[in-house]
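What follows is a short report on a single structure.
Just so it is clear, none of the values below were taken in a lab; they were calculated from the coordinates. Since we're looking at a predicted model, the values are computed, not measured. Every residue, glycine among them, receives a Cβ derived from its backbone with ideal geometry; neighbour counts consider all protein chains shown.
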Amino acid sequence: MPYVSMFFGIIIRMFHNEHNPPHFHAEYQGQKGLFDFDGNLLRGNMKSNTAKKLIREWALLHKEELQDNWNRAAHGKQIDRIEPLN
């Protein structure tokens, strides 16, 4: 599963041929979550409020790039890396 970005111990991934609604996967210290492109937790066991806040901030900054990646993945194309949160 290709990673899209990594920052502050958080790994962001996106799969090819995923189901709707558009989303990405995030992992932090064994906690996992499925997030929409506004950074809202859709499901998972992501308990860290700090990680969720950082993921939301990152997602909002890169919403257009996430959507572009989603469209590429839906067509079987390579997913691009996205700049980490600094």
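So the values come out like this:
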{"read-out": "Label zone at Lys63, where the point sits 7 Å out along the Cα-to-Cβ direction: region 1-23 residues whose backbone N lies under 18 Å", "value": "21-23"}
{"read-out": "Local electrostatic count, Ile11, Cβ distance below 15 Å [Lys/Arg +1, Asp/Glu -1]", "value": "+2"}
{"read-out": "Local electrostatic count at Ala51 - Lys and Arg +1, Asp and Glu -1, tallied over other residues with Cβ under 14 Å", "value": "+3"}
{"read-out": "Partners for Lys47 among aspartates and glutamates (Cα-Cα distance below 14 Å; same-chain residues under 8 apart left out)", "value": "Glu27"}
{"read-out": "Around Lys32: net Lys/Arg minus Asp/Glu count, Cβ-Cβ under 11 Å", "value": "+2"}
{"read-out": "Tensor-based shape of region 1-63 (alpha-carbon gyration tensor, a/c under 1.5 rounded, otherwise prolate or oblate)", "value": "rounded"}
{"read-out": "Rounded tilt (10° steps) of 63-74 against the dominant C-alpha axis of the chain", "value": "50 degrees"}
{"read-out": "Distance from region 1-30 to region 71-86 (C-alpha centre basis), Å", "value": "10 Å"}
{"read-out": "Unit charges on C-beta of K, R, D, E only; dipole of the chain, Debye", "value": "320 debye"}
{"read-out": "Theoretical gain in end-to-end length, His16 to His75 [0.36 nm per residue, Cα-Cα removed]", "value": "20.4 nm"}
